[in-house]
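J.: This is the structure, below, for whatever I ask next.
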Amino acid sequence: MGNTNLDWENLGFDYRQTAKRYVSNYEHGTWDEGVLTEDSNVVINECAGVLQYAQTCFEGLKAYRTEDGKVVIFRPDLNAERLANSATRLYMPVVSEEKFLDAVEKTVLANIDFVPPYGSGGTLYIRPYIFGSGAVIGVKPDTKFQFRVFTTPVGPYFKGGVKPLSICVSDFDRAAPHGTGHVKAGLNYAMSLHALQVAHENGFDENMYLDAATRTKVEETGGANFIFVTKDNKIVTPKSDTILPSITRRSLMYVAKEYLGLEVEEREVHVEELKDFVECALCGTAAVLSPVGKVTNKDEVICFANGTTEMGPICKKLYDTLTGIQMGKIEAPEGWIRVIADTTAKVSE
């Protein structure tokens, strides 16, 4: 399968099949060695745990082509750790960090021609995931599992500039106290789909979820964490046991403090505080930072003064610094960048 027909400058955020993917099966208490295959289809029992009881979790990370010809990935050890935490919570076997990194590297190398050229705005999105693949009809954990990694080339999340998002405080709850909000379970995203469609039908781009217990504190959206900027340029991010620990958010907080010299704070953020912030953004693997222009909370509309028409100045500095680190233009903290291939070979155009 070739890639000469891809328009690198105009990739959307969509699935495109690449050459190979990694597959490893778990049975009798152990993972097998794992193989690369050209077959993109998954064949499982009709009674598989993933189909009956949503026993599955996943990760998302990217491979980038840097200015000097390297293909790199960003902090994959944290993805390995988070996948292990998700698997443990969902009573699935853990994939070791060593096996995770080996699988990701092999999959990227097997699809190296699909890593978009430096400067195109594109990246190779990597999706590792685990699911119950055996047969289970009673409500109990599966006994057989599959760990897979596939890749797909994607363009920038925002095409033609970054337009601030308009979001609403959701009437739905995303995650319960002591639930699964802190792990990357497929079921969390299934639960958010109806709420997201309701938001879209009402003219909003996304939801702001509040804590389910008191509905007074900001949590996250269906797929991203929040970052706020105060009038005196302090970076604030919500602290909660029921939100996903975003690798992008943790990286941005480090960049804010160590690279930009800003004060950072992870704490509970009450919805009544929103009017006091001057910038707001969503952060995640897909878009890195997505500016939020306004939040609608029933009859109240809160506009963020420095971000209603474009990404605010502090968020722009954060975005430029982190993407600069990822793309090799700014020196990275030790251990953040993992080089998969060091080649100046050009991809087919």
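The values are calculated or read from the model by the stated rules, or taken from the named source; none is laboratory data. For clarity, every value in this text was computed on a predicted model and none was experimentally measured. Cβ: placed from backbone, ideal geometry, glycine included. Neighbour counts: every protein chain shown. Note: accessible area is taken over every heavy atom of the protein model, side chains too, but ligands, DNA and RNA are not part of it. Shrake-Rupley method; radii C 1.70, N 1.55, O 1.52, S 1.80 Å.
J.: Taking into account only those residues within region 120-137 that are surrounded by fewer than 19 Cβ atoms within 10 Å (Cβ to Cβ) and at pLDDT 95 or above, which is nearest to LYS329 (Cα to Cα)?
T.: ARG127
J.: Going through LYS298, LYS329, LYS294, LYS317 one at a time, which residue ends up being closer than 23 Å to VAL108 by Cα and open to solvent by 10 Å² or more (accessible area, probe 1.4 Å)?
T.: On the way: LYS298 fails: closer than 23 Å to VAL108 by Cα; LYS294 fails: closer than 23 Å to VAL108 by Cα; LYS317 fails: closer than 23 Å to VAL108 by Cα.
On inspection, the qualifying residue turns out to be LYS329.
J.: Which of the numbered conditions does CYS280 fail, given that it passes all the others? Conditions: (1) under 24 Å from ARG82 (Cα atoms); (2) of a type outside the set (Val, Ile, Thr); (3) crowded, with 18+ Cβ neighbours inside 10 Å.
T.: (1)
J.: What are the residue pairs meeting all of these: first residue in region 317-330, first residue at pLDDT below 95, second residue among the polar types (S, T, N, Q), Cβ atoms under 6 Å, and 6 or more apart or on different chains?
T.: MET327/THR66; GLY328/THR66
J.: Right, something else. If I filter region 131-140 for residues that are in contact (Cβ under 8 Å) with a residue 12 or more places away in the chain and closer than 24 Å to ALA224 by Cα, do I get at least one hit?
T.: Keep residues of region 131-140 that are in contact (Cβ under 8 Å) with a residue 12 or more places away in the chain, which gives 131-137, 139.
The next check asks that each one be closer than 24 Å to ALA224 by Cα; those that pass are 131.
Scanning region 131-140 turns up at least one residue that is in contact (Cβ under 8 Å) with a residue 12 or more places away in the chain and closer than 24 Å to ALA224 by Cα.
Yes/no per residue for (1) within 22 Å of PHE74 (Cα to Cα); (2) modelled with pLDDT under 95; (3) acidic (Asp, Glu):
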site: PRO238; (1), (2), (3): no, no, no
site: TYR254; (1), (2), (3): yes, no, no
site: GLU258; (1), (2), (3): yes, no, yes
site: LEU262; (1), (2), (3): no, no, no
site: VAL271; (1), (2), (3): no, no, no
site: ALA287; (1), (2), (3): yes, yes, no
site: THR296; (1), (2), (3): no, no, no
site: GLU300; (1), (2), (3): no, no, yes
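J.: If a residue must be aliphatic (A, V, I, L, M) and under 17 Å from TYR189 (Cβ atoms), how many such residues does region 23-64 contain?
T.: Of region 23-64, the ones aliphatic (A, V, I, L, M) are 23, 35-36, 42-44, 48, 50-51, 54, 61, 63.
Right, trim to under 17 Å from TYR189 (Cβ atoms) and you get 50-51, 54, 61.
Summing the residues that are aliphatic (A, V, I, L, M) and under 17 Å from TYR189 (Cβ atoms) in region 23-64 gives 4.
J.: Could you tell me which of the residues ALA213, ALA190, ALA185 is closer than 20 Å to PHE58 by Cα and loosely packed, with under 15 Cβ neighbours inside 10 Å?
T.: Numbers: ALA213 fails: closer than 20 Å to PHE58 by Cα; ALA185 fails: loosely packed, with under 15 Cβ neighbours inside 10 Å.
Just one listed residue meets the conditions, ALA190.
J.: Select from region 119-174 the residues that are among the aromatic types (Phe, Trp, Tyr) and more than 16 Å from GLU9 (Cα to Cα) and write down the one among them that is nearest to the chain's Cα centre (by Cα). Let's see the steps before the verdict.
T.: As a first pass, look at region 119-174 and keep what is among the aromatic types (Phe, Trp, Tyr): 125, 129, 131, 145, 147, 150, 157-158, 172.
Cutting the leftovers down to more than 16 Å from GLU9 (Cα to Cα) gives us 129, 131, 145, 147, 150, 172.
Values: TYR129: 13, PHE131: 18, PHE145: 23, PHE147: 18, PHE150: 15, PHE172: 22 Å.
Checked region 119-174; the qualifying residue nearest to the chain's Cα centre (by Cα) is TYR129.
J.: Name the single residue, out of those in region 93-119 being of a type in the set (Gly, Ala, Ser) and open to solvent by 10 Å² or more (accessible area, probe 1.4 Å), that is farthest from LYS70 (Cα to Cα).
T.: Looking only at region 93-119, we keep the residues that are of a type in the set (Gly, Ala, Ser), and these are 96, 103, 110, 119.
Adding the requirement that they be open to solvent by 10 Å² or more (accessible area, probe 1.4 Å) leaves 96, 110, 119.
Values: SER96: 26, ALA110: 15, GLY119: 13 Å.
Top of the filtered list is SER96.
J.: Moving on. Counting only residues that are aliphatic (A, V, I, L, M) and under 18 Å from the mean Cα position of the chain (by Cα), how many does region 86-104 have?
T.: The total comes to 3.
J.: Oh, and also: Could you give every pair whose Cβ atoms fall below 6 Å, whose first residue belongs to region 57-82 and is basic (Lys, Arg), and whose second residue is buried (at least 23 other Cβ atoms within 10 Å of the Cβ) and assigned to a loop (DSSP other than H, G, I, E, B), counting only separations of at least 6 or pairs across chains?
T.: ARG65/VAL115
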